[in-house]
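The block underneath contains the structure these notes are about, expressed in structure tokens.
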Amino acid sequence: MKKNNIAILGDGGWGTALAILLCRKGFKVTIWSAFRKYARYLNKKRINTKFLPSIKIPDQVIITYDLKEAIKDKQIIVLAAPSQYLRSVLKKIRRCSFSHAAIFLSVTKGIELKSLKRMSQVIYQELGKVKLAVLSGPTIAYEVAKGIPTTAVIASTDNYLRQYLQEIFMTDRFRIYTNSDVVGVELGGSIKNVIAIACGISDGLGFGTNTKAAILARGLVEISRLGRAMGARTTTFSGISGLGDLVTTCISPYSRNRFVGEQLGKGRRLKQIESHMQMIAEGIPTAKSTYFLSLKYKVDMPITKEVYAVLYKNKSPLGAVRDLMAREKKKE
């Protein structure tokens, strides 16, 4: 296969892990950091101590603060910025001279707060009709960087494009499936973070496996309900980017969203939790955007509603549990 030049826009743990994976496959990879000082630090240390500690970044990976240089002559541009900052990055890209033949791959999981748009919708709105796919799944960055067997999904409405990217990203330890359901893959990867906060709250309150199993099962129902209302295929949510990602995020000790919920369950305030975190927990803004999507599409999402109330209305975690358990009797 032709060795494409690839840009990773975003210096977080996931972007860094993908850069390492692609470099090991022999691709020429450039990481763009939005922060000049941290770009210099990464170039010197070759370890992303903030977001992916103890994993060495190969010397062949170029790290830069210059966005124009990062995307120049790149055949593939991977968008790995946090969801609430992606639009501002796209506006900067638009001001640069990027190849309109370039393929864009979104690996960002989230729903924009102001517009309630999925990331692919934001990308199209800012860059026009570019070649676009999304990658999602149960992909803890540290495990991927360590070469632990992992699966993910690349979704695009373009059959050739998703198969082409499948070949580029797939390794003997990183198995890629393809899917044409972009809406379902994006929603599954985003809303699972909200359910993970609920599972973390359960952990923080000292509840057990029964409770977590109930949150996982009913959480998947909520994701599927909203997905159907927004045009996704129901079967997508039982796959890698749905159930697979949901389970990983709800049980992994590396899950930032589960951690946020756990700390809330232990009585800490959200601002206090966030002030001690290096990385963004996407489930925090996504809980608000998903709650408003549920209102827009008139979809019943009780777990999401309660997580939103705990995060943004100062509702007590125990109060949220009480109200969930006291809901009107119904069929499954």
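Other residues lying with their Cβ under 11 Å from the Cβ of I111 contribute a combined charge of +2, Lys and Arg counting +1, Asp and Glu -1.
Could you list, in their original order, any pairs among K50/K313; K91/K131; K114/K331; K25/K114 whose Cα atoms are separated by more than 27 Å?
Numbers: K50/K313 31 Å; K91/K131 17 Å; K114/K331 35 Å; K25/K114 38 Å.
Flagged as over cut-off: K50/K313; K114/K331; K25/K114.
Charging the Cβ of each Asp and Glu at -1 and of each Lys and Arg at +1, and nothing else, the dipole of the chain about its Cα centre rounds to 700 debye.
Rounded, prolate or oblate: which fits the stretch 5-180 when a ≥ b ≥ c are the square roots of the eigenvalues of the alpha-carbon gyration tensor, with rounded for a/c under 1.5 and prolate only if a/b beats b/c? Before the final figure, lay out each step's value.
On the way: a/c = 1.45, a/b = 1.11, b/c = 1.30.
Rounded, since a/c falls under 1.5.
For the stretch 1-74, chymotrypsin sites (Phe, Trp or Tyr not before Pro) are listed when DSSP marks them as loop and at most 14 other Cβ atoms sit within 10 Å of their Cβ; the list is F35. Ordered from longest to shortest, the equivalent ellipsoid semi-axes for the stretch 161-250 are 27, 17, 9 Å, each the square root of 5 times a Cα gyration tensor eigenvalue.
For the chain, the residue among V183, Q263, I148 whose Cα projects farthest onto the positive side of the dipole built from Cβ charges is Q263. Here is the list for the stretch 115-220: trypsin sites (Lys or Arg not before Pro) lying in DSSP coil, each with at most 15 other C-beta atoms within 10 angstrom of its C-beta, are K129, K146, R173.
Can you bin the stretch 108-163 into rounded, prolate or oblate? Criterion: square roots of the alpha carbon gyration tensor eigenvalues sorted a ≥ b ≥ c, rounded for a/c under 1.5, prolate for a/b above b/c, oblate for the rest. Oblate shape, in that a/c is at least 1.5 and b/c is the bigger or equal ratio. Give the aspartates and glutamates whose C-alpha is closer than 15 Å to that of K296, dropping any in the same chain fewer than 8 places away, or say none. Candidates past the 8-residue exclusion: E112, E222. Within the chain, the cysteines lacking any other cysteine Cβ closer than 4.7 Å to their own Cβ are C23, C96.
Axis angle, to the nearest 10 degrees, between helix 159-169 and the longest C-alpha principal axis of the chain: 80 degrees.
With +1 on each Lys and Arg Cβ and -1 on each Asp and Glu Cβ, how big is the dipole of the stretch 5-180 about its Cα centre, in debye rounded to the nearest 20? All intermediate terms of the calculation are to be shown ahead of the outcome.
Working: 29 positive and 11 negative charges, 111 e Å.
Computed about the Cα centre, the dipole is about 540 debye.
Relative intensity of the stretch 289-332 on a log10 scale, I(q)/I(0) at q = 0.21, 0.28, 0.30 Å⁻¹, equals -0.73, -1.02, -1.06, per a Debye sum over C-alpha point scatterers of equal strength in the absence of solvent.
Positive end of the dipole of the chain (Cβ unit charges, origin at the Cα centre): among L324, I240, Q278, the Cα lying farthest that way belongs to Q278.
Within a straight-line Cα-Cα reach of under 12 Å, K28 can be paired with the following aspartates and glutamates, leaving aside sequence neighbours fewer than 8 residues apart in one chain: D59, D73. The angle separating the long axis of helix 209-229 from the principal Cα axis of greatest extent in the chain is about 70 degrees. Using the alpha-carbon positions of the chain, Rg (one decimal) and Dmax (whole number) come out as 19.4, 60 Å.
The ellipsoid that matches the Cα gyration tensor of the stretch 183-325 has semi-axes, each √(5λ) in whole angstrom, of 22, 16, 15, with the longest given first. Scalar couplings 3J(HN,Hα) for the stretch 235-242, obtained by applying the Karplus form with A = 6.51, B = -1.76, C = 1.60 to θ = phi - 60°, are 5, 4, 6, 9, x, 4, 7, x Hz; x denotes Gly and Pro.
Summary value for the stretch 183-325: 34 percent relative contact order, contacts being C-alpha pairs under 8 angstrom separated by 6+ residues.
Evaluating kT/(6 pi eta Rh) at 20 °C and 1.002 mPa s, with the Kirkwood radius of the stretch 34-103 over Cα pairs in the Stokes-Einstein relation, gives 159 µm² s⁻¹.
For the stretch 210-275, chymotrypsin sites (Phe, Trp or Tyr not before Pro) are listed when DSSP marks them as loop and at most 16 other Cβ atoms sit within 10 Å of their Cβ; the list is Y254.
Using the alpha carbons of the stretch 201-259, what is the convex hull volume per residue in cubic angstrom, as a whole number?
Numbers: hull volume 4.8 nm³, N = 59.
Cα-based convex hull of the stretch 201-259, divided per residue, equals 81 Å³.
Looking at the square roots a ≥ b ≥ c of the eigenvalues of the Cα gyration tensor of the stretch 233-315, which shape do they give, rounded for a/c under 1.5, prolate if a/b is larger than b/c, or oblate? Since a/c reaches 1.5 but b/c is at least a/b, the shape of the stretch 233-315 is classed as oblate. For the stretch 255-296, the share of alpha carbon pairs falling in successive 5 Å distance bins from zero is 5, 22, 29, 21, 13, 8, 2 percent.
Bear in mind that the values in this text are calculations on the coordinates, not laboratory data. Please read all numbers here as calculations on a predicted model, not as lab measurements. No Cβ is skipped: glycine too gets one built from the backbone with ideal geometry, and neighbour counts run over all protein chains shown.
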